[in-house]
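The values are calculated or read from the model by the stated rules, or taken from the named source; none is laboratory data. Keep in mind the model is a prediction, meaning the values are calculated, not measured. Cβ placement follows ideal geometry from the backbone for every residue including glycine, while neighbour counts extend to all protein chains displayed. For accessibility, only protein heavy atoms count, side chains too; no ligands or nucleic acids. Shrake-Rupley method; radii C 1.70, N 1.55, O 1.52, S 1.80 Å.
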Amino acid sequence: TPMEQAIVGLLCERGSASRQDILRALYPERKAPPAPKIIDVVVCRCRRKLASAGVSIECKWGWGFAMPDASRERVREISGGKVART
């Protein structure tokens, strides 16, 4: 989904991001973005879809998420170097 692409793209680009950073990236125009828990749900779906490709997303408890360097490289390989982020 576009939201999954945006989160994976952000993590691939930056390596890590707080839940608030992700919400700001997804909803830049909204004054009251949805509950931060939605990010956990979308990341869970991303993990499930990317696990078979050897990509992992780690939880940084109480802060946000991180994608290890090896996983970031794998996402770039899979996407042909084109990681979409909105």
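Annotations for the structure displayed:
- Residue pairs whose Cβ atoms lie under 8 Å apart, separated by 6 or more positions or on different chains, with the first residue in region 10-38 and in contact (Cβ under 8 Å) with a residue 24 or more places away in the chain and the second of a type in the set (Phe, Trp, Tyr), are LEU11/PHE65; SER16/PHE65; ALA17/PHE65; SER18/TRP63; ARG19/TRP63; ARG19/PHE65; ILE22/PHE65.
- Within this structure, LYS60 fails the test of being closer than 24 Å to LYS82 by Cα, in contact (Cβ under 8 Å) with a residue 24 or more places away in the chain and either open to solvent by 80 Å² or more (accessible area, probe 1.4 Å) or of a type in the set (Phe, Trp, Tyr) (or both).
- The criterion of at least 2 residues that are among the acidic types (Asp, Glu) is met, among helices (runs of 4 or more DSSP H) falling completely within region 2-86, by 2-14, 69-78.
- Flag if LEU50 is surrounded by 15 or more Cβ atoms within 10 Å (Cβ to Cβ), in contact (Cβ under 8 Å) with a residue 40 or more places away in the chain and either in contact with a Phe, Trp or Tyr (Cβ under 7 Å, 6 or more places away or on another chain) or among the basic types (Lys, Arg) (or both): no
- Region 32-47, residues that are at pLDDT below 95, surrounded by 12 or more Cβ atoms within 10 Å (Cβ to Cβ) and charged (D, E, K, R): ASP40
- Qualifying residue in region 74-85 (condition: open to solvent by less than 40 Å² (accessible area, probe 1.4 Å), touching a residue at least 40 places away in the same chain (Cβ under 8 Å) and touching a Cys at 6+ places or on another chain (Cβ under 9 Å)): yes
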